[in-house]
Structure formats: structure tokens, C-alpha cells
Amino acid sequence: HFLIAILFSQASANTFFVSPAGNNSNDGSFSFPWAQISYGITRLNPGDTLFIRKGTYNMKEIWINQNFKTFGEPDRFITISSYQNESPTLIGTIFRITSKFIRIKGLNFKQMIISVGLITNVGMSHDIQILDNYFSNQTSAAIYFLCNNGLVEGNTIDISSSSQSHGLYIMHGNGNIVRGNKILGPSKYGIQVYDENKYQYAEENNPKITNLLIENNFIIGSQTRA
């Protein structure tokens with residue numbers, strides 16, 4: 001019975017596609033992709049992958065929200081990824097994640113930040129992975145991270161054209177890893193670690209920043225702070 005349960009879990013994972021040439025009335029398959037990333041996200045279940053095909057996607061906001069029933073499970077991440085050997089460009093304002101077990105991989109963010117934060121009435125986002133993405137033309141920090149047990153790895157953040165930007169901002173959380181990222185030309189700090197909420201909670205409810213591992217990141221142009 002245990003083996004059958006595992007096989008069923010693996011079989012239930014699906015792969016879907018989004019393309020600028022698609023249509024939301026399609027079935028989301030490779031041959032008949034959806035048109036909008038935000039629409040595709042609402043159709044995902046734990047273990048599913050949404051591949052973003054090459055092209056440019058203009059949008060104001062994308063939101064992966066646990067309260068709207070979009071979340072993964074242990075060993076069954078929801079994955080939003082570029083399709084193999086393609087580099088789709090997302091132009092907008094914010095990619096917001098208030099959920100759990102979500103992976104964002106291989107996308108090109110232009111003037112668009114990723115914000116990982118609190119889930120209303122639940123608490124912290126957790127197990128969020130931001131992997132191998134490219135950020136450019138930022139007007140603020142490329143990634144704001146309020147998360148437990150998250151991973152930010154292999155991203156390139158090129159903000160040399162920004163006049164007021166951090167590269168990556170760890171705001172609070174426990175058990176996060178920031179590893180192997182490349183941050184070019186921040187006008188402020190390449191990696192800023194500061195709990196913005198430390199005065200807003202009672203001491204027993206304060207998430208703080210604990211068990212944070214930062215290693216093997218390459219940063220050019222960052223300010224320093226004593």
C-alpha cells in the first residue's frame with residue numbers, strides 16, 4: 001500500500017506551459033499553452049511545473065498565494081521555470097509569494113522584484129526557492145525575503161544602473177540559505193540582513209533572523225556598514 005501511494009503521488013504531478021502566443025482557453029499543454037503566467041499559476045497543484053516559453057511578458061503583478069489554494073507540499077514543490085534553453089523576460093513591478101514549497105527558476109526579471117513574505121492568518125512563508133534567475137534594471141532590491149527554510153541560490157542581480165538599490169534583502173526568518181549568487185553594482189548593499197519587524201512583535205512572536213547561512217556569493221560595488 002505504501003508503494004502504491006508513492007506511485008500515485010508521483011503520477012499526479014503535471015507539466016504545463018505558458019507562451020505569448022498561447023490562449024487561456026487552451027489546456028496548457030506544450031502544443032496548446034496558456035497565455036498568462038498569472039492564469040497558469042492558479043491551475044497548479046502540488047508537484048506541478050509551469051514552464052514559461054521564450055518571449056516577453058508584460059504585467060503589473062504576479063501573486064502566488066497560499067490563501068488562494070496555490071501551494072506545494074514536502075517533496076512536491078510547485079515549480080515556475082523557464083523552458084529548456086530558453087530565457088523568457090518578465091517585465092512588471094512585483095512577483096509576490098506568500099505560500100510554501102514554491103520554486104522559481106531560470107527566469108529573466110526586468111524591473112520586477114520578487115517579494116517573499118507573510119501569509120495572512122497563517123504566518124511565515126516557508127520552503128521558497130529562488131534559483132538561477134537574472135535580475136536587471138531594478139529600482140529597489142531585487143529580492144525581499146521574509147521566509148523560513150528558504151534557498152536563494154545561483155541568481156545574477158545586475159543593478160549597476162540603479163541609483164538606490166540593495167541586491168538582496170533578508171528581512172527575517174529562520175534556516176535560510178543564500179549561496180552562489182552574483183550581485184553587480186548595487187548602490188547600497190549587495191546583501192542586506194536586517195529585521196524590519198523586530199520592534200513590531202512581542203518578543204515571543206518575533207521571527208528574528210536565525211540560522212542564516214550566507215556563502216560563496218560574488219559581489220561587486222557594494223557599500224559596507226559597520
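For the pairs LYS69/LYS100; LYS60/LYS182; LYS54/LYS105; LYS100/LYS208; LYS69/LYS182, flag any whose C-alpha to C-alpha distance is greater than 22 Å.
Working: LYS69/LYS100 11 Å; LYS60/LYS182 26 Å; LYS54/LYS105 14 Å; LYS100/LYS208 19 Å; LYS69/LYS182 33 Å.
Check vs 22 Å cut-off fails for LYS60/LYS182; LYS69/LYS182.
Once you keep just the Cα pairs under 8 angstrom separated by 6 or more residues, what percentage relative contact order results for the stretch 37-78? Show your work: numbers first, answer last.
Values: 38 pairs, mean separation 22.6, N = 42.
Once divided by the residue count of the stretch 37-78, the mean separation gives 54 percent.
What FRET efficiency would be calculated for the residue pair LYS110, ASN85, taking the C-beta separation as r and a Förster radius of 25 Å, to the nearest 0.05? Please report the intermediate quantities before stating the final value.
Working: r = 19 Å, r/R0 = 0.78.
Using R0 = 25 Å, I get an efficiency of 0.80.
Are there trypsin sites (Lys or Arg not before Pro) in the stretch 38-123 that DSSP marks as loop and that have at most 16 other Cβ atoms within 10 Å, and which are they? Before the final figure, lay out each step's value.
On the way: sites: ARG43, ARG53, LYS54, LYS60, LYS69, ARG76, ARG96, LYS100, ARG103, LYS105, LYS110; in loops: ARG43, ARG53, LYS54, LYS60, LYS69.
Those satisfying the criteria are ARG43, LYS54, LYS60, LYS69.
Once you have a ≥ b ≥ c as the square roots of the Cα gyration tensor eigenvalues for the stretch 1-151, tell me rounded if a/c is under 1.5, and otherwise prolate or oblate according to whether a/b is larger than b/c.
oblate
Before anything else, pin down the relative contact order of the stretch 113-194: Cα pairs under 8 Å, at least 6 apart, normalised by residue count, whole percent. Don't skip to the answer; put the middle values down first.
On the way: 226 pairs, mean separation 23.7, N = 82.
For the stretch 113-194, the relative contact order is 29 percent.
Using a 1.4 angstrom probe with every protein chain in place, what is the largest-first accessible-area order of HIS172, HIS166? Don't skip to the end; give the middle numbers.
Values: HIS172 0, HIS166 25 Å².
Listed by decreasing accessible area, they come as HIS166, HIS172.
Rounded to whole Hz and in sequence order, give me ³J(HN,Hα) for the stretch 99-115 from the Karplus expression 6.51 cos²θ - 1.76 cosθ + 1.60, θ = phi - 60°, writing x for Gly and Pro.
Listing the rounded values in order: 6, 8, 6, 10, 10, 10, 9, x, 9, 9, 9, 10, 6, 9, 9, 9, 10 Hz.
Work out the FRET efficiency for MET59 and ILE214 from their Cβ-Cβ distance, taking R0 = 41 Å, and round it to the nearest 0.05.
Details: r = 31 Å, r/R0 = 0.76.
Given R0 = 41 Å and the Cβ-Cβ separation, E is 0.85.
The values are calculated or read from the model by the stated rules, or taken from the named source; none is laboratory data. Please read all numbers here as calculations on a predicted model, not as lab measurements. Cβ coordinates were reconstructed from backbone atoms using ideal geometry, including for glycine residues, and neighbour counts include every protein chain displayed. Ligands, DNA and RNA are excluded from the accessible area calculation, which covers all protein heavy atoms including side chains. Shrake-Rupley method; radii C 1.70, N 1.55, O 1.52, S 1.80 Å.
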